Amino acid sequence: MTTVMGCIADDFTGATDLAGLLARSGVRVSLRIGVPDEPPSDTSPFEVIALKSRTVPVADAVEETQRALAWLQQAGAQRFFWKYCSTFDSTAEGNIGPVAEALMQALGTDQTIYCPAFPENGRSIFMGNLFVGQQPLAESPMKDHPLTPMRDSNLMRLLAPQVTKPVGLADRLTVARGADALRDRFEALKAEGVAHVVVDAVANEDLYTIAEACRDMPLMTGGSAVAMPLPHLYKAQGLLAADAPATPKPDTPDQTIVLSGSCSAMTNAQVARYIATGAPSFRLDPLDVSKTGSNPALNWLLNQDLSTAPLIYATAEPASVKAAQAALGTDAAGKLIEDTLAKCAIAARDQGARRIIVAGGETSGAVTKALGVTQLDISTEIAPGVPWTFCTSDGHTIALTLKSGNFGAETFFTDAQAKLDAA
Ligand code: ADP
């Protein structure tokens, strides 16, 4: 199937978030981890390429994005979406602006929009200022982010030093007047030479207006939410057939493994809740693993009945994480756990696990790499931003869900299993 829209995301969980929202429409969405080495085949109407370009040097981000664009064009896409974080994570150098300008140049377009709003998750934009819940971005916890501290809330001021062409605003008063008024505003700004238009959005209906006004732009940029209405709009427009391939739901046997390497507050609560249900569990302690390696966990796994969905976890409270990091070094402790969980994923698959639940962004990267997974078909959403996916590993169809730290409800691990059974 020819790809209608090609999306490029600057990190993996952002790509999953976008893919999940697009898949709410019921249309097939594929996620590729990195730019595929092979030319496009078995492509979906919506293709999302996950890069790891949020904080790499600008030139590397631009180069990777151009490769992603070329692959998506080969897949047939004529419209493109550049997805970054809903908190506009970037520095004065980039990478949001430079990547957008490189894409605009490659596509021969002289205007695009910037709309990181995600009202369902408390991200809204008013008069060009981004809010996180009720706080301006620069007063939110993002002001202390270790890599991209956000010290200004005004998107025009944040974007201007990142780009070479003028930046402008289409404000909420215009958005409230509808898609035609918004298109007129874009034209007026274009006549003034404005290439980069920040667009206000405070509620979901604003996103529909914006998506409708922008649906014919070769390039849109933003958070995931403004892309959500596009599948329906493309269907209404006839760009996407009414019977376009649907989200796949293959049957997978209920042999399940849960692997948790996230130490976020929410994952700690999820692990505790899951253990309280009586699920069998094995705790990985980095200090033990540094002495005994992965074998105790692998031996424990061998004796488990996978239909009981056992859990292997390194999830721990901050004090315990700090102690392990002090003894082993932060990176070494993290790597020991990631390697062990990756080995457990392979062992579980070889033991027949066809449903794999992973908690932790970095942990997910380690597990997908170990399983040799490069393409995920997005399926049912378990929690906002966390879908079930289907992939192939060693010739087996596997249902895989990858949850980053703070996502999901406390009952996430049982919710995930129930969702797949109900699908
Ligand atoms: P999140 O999505 O919550 O950030 P990640 O998987 O991205 O989760 O990051 C968690 C990191 O912490 C991983 O590198 C993991 O290996 C490491 N880790 C997990 N458990 C422990 C622990 N008990 N002590 C030290 N590091 C740990």
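Each value in this text was obtained by applying a stated rule to the coordinates, not by laboratory testing. Only a predicted model underlies this, so the values are computations on that prediction, with no experimental measurement involved. For neighbour counting, all protein chains shown are included, and Cβ atoms are generated from backbone atoms with ideal geometry for every residue, glycine included.
Which order, highest average first, do 382-390, 158-166 follow once you tally other Cβ atoms within 10 Å for each residue and take the mean per peptide?
Listed from highest to lowest mean packing, they are 382-390, 158-166.
Could you calculate the contour length gain from Ala332 to Ser41, that is, 0.36 nm times the residue separation minus the distance between their Cα atoms, to one decimal place in nm?
That works out to 100.9 nm of additional length.
For region 331-348, in order, what is each residue's ³J(HN,Hα) by Karplus, 6.51 cos²θ - 1.76 cosθ + 1.60 with θ = phi - 60°, in whole Hz (x at glycine and Pro)?
5, 5, 4, x, 5, 4, 5, 4, 4, 5, 5, 5, 5, 5, 4, 5, 4, 5
Just the ratio, please: alpha-carbon radius of gyration of region 42-189 over 2.2 N^0.38 Å, N its number of residues.
1.08
In the neighborhood of Pro119, defined by Cβ-to-Cβ distances under 13 Å, what is the net charge if each Lys or Arg adds +1 and each Asp or Glu adds -1?
My count for the surroundings of Pro119 gives -2.
With unit charges on the beta carbon (Lys/Arg positive, Asp/Glu negative), name the residue among Leu158, Thr330, Tyr114 whose Cα is farthest towards the positive pole of the charge dipole of the chain.
Thr330
Would you please state the base-10 log of I(q)/I(0) at q = 0.10 1/Å for the chain, with intensities from the Debye formula using one equal scatterer on every alpha carbon?
-0.69
Could you work out the relative contact order of region 215-328, using alpha carbon pairs under 8 angstrom and six or more residues apart, expressed as a whole percent?
Value for region 215-328: 34 percent.
Any idea what angle helix 361-371 forms with the longest principal axis of the chain, computed on alpha-carbon atoms, 0 to 90 degrees, nearest 10?
70
Suppose a student asked you for the relative contact order of region 256-422, using Cα pairs under 8 Å spaced at least 6 residues apart; what percent would you report?
30
Specify, per residue and in Å³, the volume enclosed by the convex hull of the alpha carbon atoms belonging to region 256-422.
Spread over its residues, the Cα hull of region 256-422 gives 99 Å³ apiece.
At what distance in angstrom do the alpha carbon centres of region 323-358 and region 183-218 lie from each other?
45
Can you tell me the length gained on complete extension of the stretch Leu173 to Glu93, counting 0.36 nm per residue apart and subtracting the Cα distance?
Here the segment from Leu173 to Glu93 would lengthen by 25.7 nm.
So how strong a dipole does the chain carry about its Cα centre when Lys and Arg Cβ are +1 and Asp and Glu Cβ are -1, to the nearest 20 debye?
Dipole size: approximately 220 debye.
Lys pairs in the chain, Cα-Cα under 16 Å, at least 8 apart or on separate chains: how many?
The number of close lysine pairs in the chain is 11.
Could the peptides 241-253, 96-108 be put in order, highest first, of the mean number of other beta-carbon atoms found within 10 Å of their residues?
Result, highest mean Cβ count within 10 Å first: 96-108, 241-253.
Counting only C-alpha contacts under 8 Å and six or more residues apart, can you give the relative contact order of the chain as a whole percent?
Reported as a whole number, the value is 17 percent.
Report, by chain and number, residues whose modeled amide H sits under 5 Å from the one on Gly168, excluding near sequence neighbours (fewer than 5 apart, same chain).
His196, Val197, Val198
Sorted by average packing, counted as other Cβ atoms within 10 angstrom per residue and highest first, what order do 177-183, 227-233 take?
227-233, 177-183
When the Karplus curve 6.51 cos²θ - 1.76 cosθ + 1.60 is applied with θ = phi - 60°, which whole-Hz ³J(HN,Hα) does each residue of region 394-406 get, with x for Gly and Pro?
Working through the residues one at a time gives 6, x, 9, 7, 10, 8, 10, 10, 10, 10, 7, x, 8 Hz.
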